[in-house]
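Report on one structure; see the data block that follows.
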């Protein structure tokens, strides 16, 4: 009888900790603005991975043509006419413990390059670290949650 109660208590505690872990993982969901204020990124979840797309641009249209800005620097020529608004720039992040998201990539439409990326959540701040090879060789910026 004591074994059954102990086993049920352990099972209950593990279910609670799993639910809490999932809630913490979802803390990154929502809209974030980059430091320059040029764009907002909507972070969302597909299955167990996190992604982000450009949801708002300060200047969504090309000044000379008046047409929506496109991914003109994309190394794949067939994608250069894709509108920037709605473009998925964060891909495939896994929640890796307390407030850390790793193993994803970030695409920079300003130069058409994709980098390995790590994100660290600190309240309403999201540290984005894009890098090549190892995390020491890269660039960081801090995004702020949009209220």
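Computed from the coordinates by the stated procedures, all read-outs in this text should not be read as laboratory data. Owing to the predicted nature of the structure, the values given are computational and were not obtained by experimental measurement. Cβ: placed from backbone, ideal geometry, glycine included. Neighbour counts: every protein chain shown.
Once the Cα-Cα distance is subtracted from the 0.36 nm per residue extended length, the residue 29 to residue 135 segment shows a gain of 35.8 nm. In this rough spin-label picture, where each label sits 7 Å from Cα along the Cβ direction, the residue 49-residue 127 distance is 2.5 nm. An ellipsoid equivalent to the range 33-140, defined through the eigenvalues of its Cα gyration tensor, has semi-axes of 25, 15, 13 Å when rounded to whole angstrom and sorted largest first.
Arranged by the count of other C-beta atoms within 10 angstrom, fewest first, what order do 84, 137 take?
137, 84
Relative to the current alpha-carbon distance between residue 38 and residue 57, full extension at 0.36 nm per residue lengthens the span by 6.3 nm.
Counting neighbouring Cβ atoms within 10 Å and putting the fewest first, the residues 106, 134 line up as 134, 106. By the beta-carbon count within 10 Å of each Cβ, the least crowded to most crowded order of 63, 47, fewest first, is 47, 63.
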